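Reviewing the structure listed below.
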Amino acid sequence: MKEINIYTEKIGKNTLSSSDIPLVLKVLRQDAKTGLIELTKDDIHLFQVYTFALQQLELAGGTSSSEVHAGDWRQTVDDLSTLKQVIDEMEQKRIITNVSWNAGGMAIFDIPDRKMYKTFVYSIILGHVDNLYGR
């Protein structure tokens, strides 16, 4: 459980990035193997969505990897329905606007307030981690 704290502290310091999420998943998988937490496929799919969400924020801020393309979720997310649920929730809460789904595998949206978006994404990640560890 101590290893996961590295990443929850990054959230507290406002420095967690999309490249950290695969490392978070690695820690979660290790803790699941030891029986510390229960990790399901749904949990993994949600963490993939968090990766996508952070990638889109990094794109908007000009700090993303050259491998990341606006709205292209196909290399990151295995479950479109999970992505759609999170996108719909963010749209309902006006975290994102002008959502458009492209048949080619794109989820395009505007981020009107990057700080609010980041706070929202961080809060759902932290809530998910806390839930897994029973905090």
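The values are calculated or read from the model by the stated rules, or taken from the named source; none is laboratory data. In this text the structure is predicted, and so the values were computed from the model without any measurement. Note that each Cβ is placed from the backbone with ideal geometry, even for glycine, and that neighbours are counted across all protein chains shown. Side chains are part of the model used for accessible areas, which takes the heavy atoms of the whole protein and leaves out ligands, DNA and RNA. Shrake-Rupley method; radii C 1.70, N 1.55, O 1.52, S 1.80 Å.
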Quote the relative contact order of the chain in percent (integer), defining contacts as alpha-carbon pairs under 8 Å separated by 6+ residues.
-> 23
Where only C-alpha atoms are counted, convex hull volume of region 22-90 per residue in Å³ = 97
With all protein chains present, region 43-135 has a carbon and sulfur share of its accessible area (1.4 Å probe) in percent of 47
Compute the Rg to Rh ratio over region 22-61 from the alpha carbon atoms, using the Kirkwood formula for Rh, and round to two decimal places.
-> 1.11
Obtain the radius of gyration and the Kirkwood radius of region 70-135 from its C-alpha atoms and give Rg over Rh.
-> 1.00
To the nearest Å², the heavy-atom accessible area per residue of the chain with 1.4 Å probe amounts to 57
Largest first and to the nearest Å, give the Cα extent of the chain along each principal axis.
-> 42, 30, 30
Of the listed pairs LYS2/LYS33; LYS13/LYS33; LYS10/LYS115; LYS2/LYS26, those with alpha carbons more than 18 Å apart are LYS13/LYS33
Given charges at beta-carbon only (K, R positive; D, E negative), |dipole| of the chain in Debye | 300
Can you give the calculated 222 nm mean residue ellipticity of the chain, where each DSSP H run of n ≥ 4 adds -39,500 (n - 2.57) and the sum is split over every residue, rounded to the nearest 500 deg cm²/dmol?
-> -19000 deg cm²/dmol
